[in-house]
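Take this structure, written in C-alpha cells, and hold onto it; I'll ask about it next.
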Amino acid sequence: MKKLFAIILSGLILCSFAACGQSKTSSTTATEAGKDAATTAAAAQTTTEAPLTGGYTDAASPVLTDDVKAVFNKAVEGLTGMTYEPVAYLGSQVVAGTNHLILCKAAAVTENPTTTYALLTVYEDLNGNAEITESREFTGSAAPAAQDAEEPIAGAYEEPETPVVTDDAKAALAKACETLTGAGYEAKALLGTQVVAGTNYMLLCKVTTVTAEPTSDYAIVTVYQDLEGNAEITEKNEDYYAFLEVLTAAFKAVAKQLAADGEGATKLLICKVDGAADEQAAKVIAKSVICSSLVKAAMFGADANCGRILCAIGYSGADVRDVLKIDVAYRSAAGEIPVCQNGCGLSFDEAKAEQILLENEITILIHLSDGAAQAEAYGCDLTYDYVKINGDYRT
C-alpha cells in the first residue's frame, strides 16, 4: 500500500457530521469557538466585492501591512504575562473603529515557555488607540521552534519567509481533500514545512461545515505529501479492509460520545437512513433529521411523532423519488416500533412507544425504497437545560 496524504484534524470531520450544533468543539480549533468575534468572522463574511455590513472581510493577503503592525504593536505595548508575535493577518471588521483578526505565536512569560498559536482580535478605535479584546489559543498545536541558522535541526519544521500559501501547499491540501466529506478546507496561511520522507505542510485553514446552515471556524491542519505525490489508496487488500473496519468503529464511537455530550443533552440520537438513491441523499437526509429542533424536542419528550421526521426529510433538499414509499420506525434497548409505512402514519401502542423513547439512546430508522445507499448521523435531544445554559451564557 502506497503512502497517503494525511490530514490531521483531531476529529473535526466527526464533529461537523455528528454534532449538528450542540457538541463540543475540537481541540485543534480555536478554543471557545462559539464566541461571536473572530470565529463568526469567518462565517459572517461574504465576498470582498460585497461584504456584509458589519461582517468580517477576509484579508486579500496574510502578510501584515505596516499599518496593521503598528496597530498590533500599540495593542501589546505594556502587556505582561504573555508575549505575542504576529504571524498572519486574516481579516477586518469595520464597526465604530476596526477589529483586526490576527494569528499570533503566543507564549506565557515563564522559565520554560511553550509557544503555541492564538487568534487575537485587536480593536482600533477612531482615535487610533488599540487593545486586544479577545485571545483564543489553538490547543495542541505547538508553533515551530526557531532554528539556528548555522546548525539547523535536521527534520525540524521550517518557518516560511512569509505566510503566503505556496502553490505546492495548495495542491497538497486540494489533493488530500478530494474525497473528504463533511467539511471544506480553505488554506489561509502557511505556518511551516517539514521535509521527512516527503513533506509536511502546517497550514491555518478556514473550515466550513457542509450542512444546510454552514458554519466556519479556523483550524491548524497538517497535510502530508509523500515522495510520489500520492493522495489515494491504490491497493485495497485484506489488511486494508481490516484496518478500515477498526478505524471506522473507533471514529463512530468518538462521534457518538461527542453528540451525546451536547449541552443539556439526556439522550443520544442516531438516524439511520437506508434505501436511498445514492450516498449523498442518504447523508443529507440523516443530517436534516438529526439537526431538526422539532425532532430533537420530540425525542426529549418521548413523543413518537413521525410527521416531524417526514417534514425534515422534505426540507432536506434531497431527491426522494416517492414519498409514499417512506417507512419510519424507532428503536432502543426497550424494543422497536414502526410509526410510518408507505408515507402514512400508523396506529401504534402509545405506551410501548413512550417506553422505547425514554431510553438514553434512540435510533430513528428511515427506509426510502429509492435504491441501496445508506448513511447515519448522530445528535442529541433538545432540552430545557440547553435553553437555560445558553440563556444564562454571557459573551
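Within region 73-113, can you find the residues that are among the aliphatic types (A, V, I, L, M) and assigned to a strand (DSSP E or B)?
Taking region 73-113 as the starting set, the residues that turn out to be among the aliphatic types (A, V, I, L, M) are 75-76, 79, 82, 87-88, 90, 94-96, 101-103, 106-109.
Residues satisfying the conditions are Met82, Val87, Ala88, Leu90, Val94, Val95, Leu101, Ile102, Leu103, Ala106, Ala107, Ala108.
Then there is this: I'd like to check something: does region 71-88 contain any residue that is free of Cβ contacts under 8 Å to residues at least 24 places away in the same chain, exposed (fewer than 12 other Cβ atoms within 10 Å of the Cβ), under 23 Å from Lys206 (Cα atoms) and not aliphatic (A, V, I, L, M)?
Looking through region 71-88, none of the residues is free of Cβ contacts under 8 Å to residues at least 24 places away in the same chain, exposed (fewer than 12 other Cβ atoms within 10 Å of the Cβ), under 23 Å from Lys206 (Cα atoms) and not aliphatic (A, V, I, L, M).
Checking the condition aliphatic (A, V, I, L, M), under 23 Å from Thr162 (Cα atoms), in contact (Cβ under 8 Å) with a residue 40 or more places away in the chain and out of contact with any Pro (no Cβ under 6 Å at 6 or more places or on another chain), which residue from Val94, Val68, Val122 passes?
Numbers: Val94 fails: under 23 Å from Thr162 (Cα atoms); Val68 fails: in contact (Cβ under 8 Å) with a residue 40 or more places away in the chain.
Only one candidate qualifies: Val122.
Please determine, by comparing only the residues of region 337-391 that are part of a strand (DSSP E or B) and free of Cβ contacts under 8 Å to residues at least 24 places away in the same chain, which one is nearest to the chain's Cα centre (by Cα).
Applying the first criterion (part of a strand (DSSP E or B)) to region 337-391 yields 337-341, 344-345, 361-367, 373-380.
Filter once more, so that each one left must be free of Cβ contacts under 8 Å to residues at least 24 places away in the same chain: 338, 341, 344.
Working: Pro338: 34, Gln341: 35, Cys344: 36 Å.
Checked region 337-391; the qualifying residue nearest to the chain's Cα centre (by Cα) is Pro338.
Just a yes or no: is a residue in region 279-294 farther than 20 Å from Val210 by Cα, assigned to a helix (DSSP H, G or I) and either under 19 Å from the mean Cα position of the chain (by Cα) or not hydroxyl-bearing (Ser, Thr, Tyr) (or both)?
To start, the set of residues in region 279-294 that are farther than 20 Å from Val210 by Cα comprises 294.
Add one more test, that the residue is assigned to a helix (DSSP H, G or I), and what stays is 294.
Right, trim to either under 19 Å from the mean Cα position of the chain (by Cα) or not hydroxyl-bearing (Ser, Thr, Tyr) (or both) and you get 294.
Yes, some residue in region 279-294 is farther than 20 Å from Val210 by Cα, assigned to a helix (DSSP H, G or I) and either under 19 Å from the mean Cα position of the chain (by Cα) or not hydroxyl-bearing (Ser, Thr, Tyr) (or both).
Just the residues that are within 20 Å of Ala373 (Cα to Cα) and of a type in the set (Lys, Arg), please, taken from region 291-324.
The initial filter retains those residues of region 291-324 that are within 20 Å of Ala373 (Cα to Cα), namely 309-310, 312-324.
Across region 291-324, the qualifying residue is only Arg321.
State yes or no: is Ala312 part of a helix (DSSP H, G or I), within 32 Å of the chain's Cα centre (by Cα) and surrounded by 15 or more Cβ atoms within 10 Å (Cβ to Cβ)? First the steps, then the outcome.
Values: part of a helix (DSSP H, G or I): yes; within 32 Å of the chain's Cα centre (by Cα): yes; surrounded by 15 or more Cβ atoms within 10 Å (Cβ to Cβ): yes.
Yes; evaluated as a whole, the condition is true for this residue.
Still on this structure, please answer the following. Let me spell it out: the conditions are (1) outside any loop (DSSP other than H, G, I, E, B); (2) surrounded by fewer than 22 Cβ atoms within 10 Å (Cβ to Cβ); (3) at pLDDT 85 or above, and Leu190 meets all of them except one. Which number is the exception?
Among (1) outside any loop (DSSP other than H, G, I, E, B); (2) surrounded by fewer than 22 Cβ atoms within 10 Å (Cβ to Cβ); (3) at pLDDT 85 or above, the lone unmet condition for Leu190 is (2).
Hey, any hits in region 300-309 for a residue that's within 24 Å of the chain's Cα centre (by Cα) and surrounded by 20 or more Cβ atoms within 10 Å (Cβ to Cβ)?
no
Within region 323-334, is even one residue at pLDDT 95 or above, more than 21 Å from Val273 (Cβ to Cβ) and surrounded by 13 or more Cβ atoms within 10 Å (Cβ to Cβ)?
Yes, there is a match, as at least one residue in region 323-334 is at pLDDT 95 or above, more than 21 Å from Val273 (Cβ to Cβ) and surrounded by 13 or more Cβ atoms within 10 Å (Cβ to Cβ).
The values are calculated or read from the model by the stated rules, or taken from the named source; none is laboratory data. On a predicted model such as this, the values are computed, not experimentally measured, just so you know. No Cβ is skipped: glycine too gets one built from the backbone with ideal geometry, and neighbour counts run over all protein chains shown.
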